[in-house]
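Everything on this sheet refers to the single structure shown next.
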Amino acid sequence: MAANMVPARAEAHCQGGRAATVAPGGLHVLGNGMSQNPPIEFAFPDLRRWERGAAPYVHVFESGKPGPTVMVAALTHGNEVSGAVVVDALLGNGLRPRKGTLIFAFNNIEAYLSFDARAPFKSRMIDEDFNRTWGRLDQPATTVETRRAQVVKPFVERADFLLDLHSMHDNGVPLMLAGPLDKGVALARRIGAPVDIIRDAGHAAGMRMRDYGAFGDPKSPRNALLIETGQHWRASSVVVAKDVTARFLAETGVVDAGDLPAGWKQPSPPGQRVVEVTHAIATKRGNYVPVRPFKGQEVIAKAGTVLGHDDDEPVTTPYDDCVLVMPSSNRPLRPGVTVVRLGRLAAA
């Protein structure tokens, strides 16, 4: 499928900035009748106008003055659209750096262009997860995602600061994934939002873009953050994406706060907290079932509390006051997918 073509099944749902068509009550039922999809509350942008750039769907703006190279990436997963709304708006507004260089990228554009509101979660990827490929880009690129990662890689390698805009399958609170290093947590604190900063090492299934290269080197000043803005298609996820992007760009100094659209930055929360992830629980064969619905960031008081079962094997909390980070709901899962992260609140 050519990257500049919107498939017919997706065109009715996202072309021309129209919101996806939804069934009465704002819900879709998948063909197997097993799950209902959340409502789509905002219009999806037509991104084909941004195909031509420094590389397809990658745009680089240089100020000609000394300063950092700052990258904002959207659509690392094709159905995580709040970031695409933000990057589309900044490109459309003609934002340019005051100093240094500004890079905007729509990462898994083919997955986005495959979006079908009747099965909206399928467009997360085409062949594999783009955000698990970054530890093997020295190998032959044999999938849509590894080929695209090879295109995006030189721009990621240029970046002094990277913000990767994501959203969630479930309706959880926004989370800033800062990686395992002190420098990521420090940058997240300077950004000042959202409330929850997650200190984590990523996924056993493969390296994330935010951990690639110098971003994962404690001796390097280069730094990256990954923001989970909330449920994929809630209007609130766009509000969070705008707020965090505005804060990030202003913090790096590549633009002035006044250069950004009015109303994007929201009031700062009264404080932030850091959760240090100690365990990432992955389902063996995709058969994990939680004992009850969890929204995320719950603190489970007692060690040994059963959270769910994976092929009838109990998954339990390993210690008292265990924080549940991005728990999966009772939905179809792929083998090897992380179903919950377990963490401790860090000392203030």
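The values are calculated or read from the model by the stated rules, or taken from the named source; none is laboratory data. As the structure is a computational prediction, the values presented were derived from the model and not from experiment. Note that each Cβ is placed from the backbone with ideal geometry, even for glycine, and that neighbours are counted across all protein chains shown. We work out accessible area using only protein heavy atoms, side chains counted, and drop any ligands, DNA or RNA first. Shrake-Rupley method; radii C 1.70, N 1.55, O 1.52, S 1.80 Å.
State, as an integer percentage, the relative contact order of the chain based on alpha-carbon contacts under 8 Å between residues 6 or more apart.
Numbers: 789 pairs, mean separation 52.4, N = 348.
Answer for the chain is 15 percent.
For the range 265-348, calculate the relative contact order in percent as a whole number, restricting contacts to Cα pairs under 8 Å that are 6 or more residues apart.
Values: 178 pairs, mean separation 34.0, N = 84.
Value for the range 265-348: 40 percent.
Taking amide H positions as placed 1.01 Å from N in the peptide plane, with prolines and chain starts having none, which residues 5 or more places from His203, or on another chain, fall under 5 Å of its amide H?
Those lying under 5 Å, H to H, from His203 are Arg208.
Find the relative contact order for the range 85-146 and round it to a whole percent, using C-alpha pairs within less than 8 Å whose residues are 6+ positions apart. Please report the intermediate quantities before stating the final value.
Numbers: 33 pairs, mean separation 14.7, N = 62.
Taking the mean separation of contacting Cα pairs over the length of the range 85-146, I get 24 percent.
Skip the ligands, DNA and RNA, and give the accessible area per residue of the range 147-231 with a 1.4 Å probe, whole Å².
I get 34 Å² per residue for the range 147-231.
Computed FRET efficiency, Cβ-Cβ of Ala235 and Ala257, R0 41 Å: what is it to the nearest 0.05?
On the way: r = 24 Å, r/R0 = 0.58.
The computed FRET efficiency comes out at 0.95.
Between the range 299-348 and the range 82-142, what's the alpha-carbon centroid distance in Å?
Rounded to whole Å, the Cα centres lie 29 Å apart.
Express in whole angstrom the spacing between the alpha-carbon centres of the range 165-207 and the range 239-258.
Each part reduced to its Cα centre gives a spacing of 17 Å.
In terms of the Cα gyration tensor, with a ≥ b ≥ c the square roots of its eigenvalues, is the range 223-348 rounded because a/c is under 1.5, prolate because a/b exceeds b/c, or oblate? Kindly include the intermediate steps, with their values, before the conclusion.
Details: a/c = 2.74, a/b = 1.95, b/c = 1.40.
Here the range 223-348 falls in the prolate category.
Pairs Lys122/Lys295; Lys242/Lys284; Lys65/Lys122; Lys122/Lys183: which are spaced more than 31 Å apart, C-alpha to C-alpha?
Details: Lys122/Lys295 22 Å; Lys242/Lys284 36 Å; Lys65/Lys122 43 Å; Lys122/Lys183 34 Å.
The pairs that break the limit, which is 31 Å between Cα atoms, are Lys242/Lys284; Lys65/Lys122; Lys122/Lys183.
Quick check: pseudo-label points 7 Å beyond the Cα along Cα→Cβ at Asn171 and Glu128, how many nm apart are they?
3.5
Just the number, please: carbon plus sulfur as a percent of the accessible area of the chain, 1.4 Å probe, no ligands or DNA/RNA counted. Each step should come with its number before you reach the end.
Details: 7640 of 14660 Å².
Here it works out to 52 percent.
Less than 12 Å apart at the alpha-carbon level, and either on another chain or at least 8 residues along: which aspartates and glutamates does that give for Lys153?
Partners found: Asp138, Glu145.
Residue separation times 0.36 nm, minus the C-alpha to C-alpha distance between Arg158 and Glu298: what's the value?
Details: separation 140, 0.36 × 140 = 50.40 nm, distance 3.80 nm.
Answer, rounded to one decimal: 46.6 nm.
Assuming 0.36 nm per residue, please report the length gained on full extension of the stretch Arg285 to Arg49 beyond their Cα-Cα distance. Please list the in-between numbers first.
Working: separation 236, 0.36 × 236 = 84.96 nm, distance 4.07 nm.
Roughly 80.9 nm would be gained on extension.
Taking a ≥ b ≥ c as the square roots of the Cα gyration tensor eigenvalues, with a/c under 1.5 meaning rounded and otherwise prolate when a/b beats b/c, else oblate, which class fits the range 82-232?
Values: a/c = 1.26, a/b = 1.16, b/c = 1.08.
Rounded.
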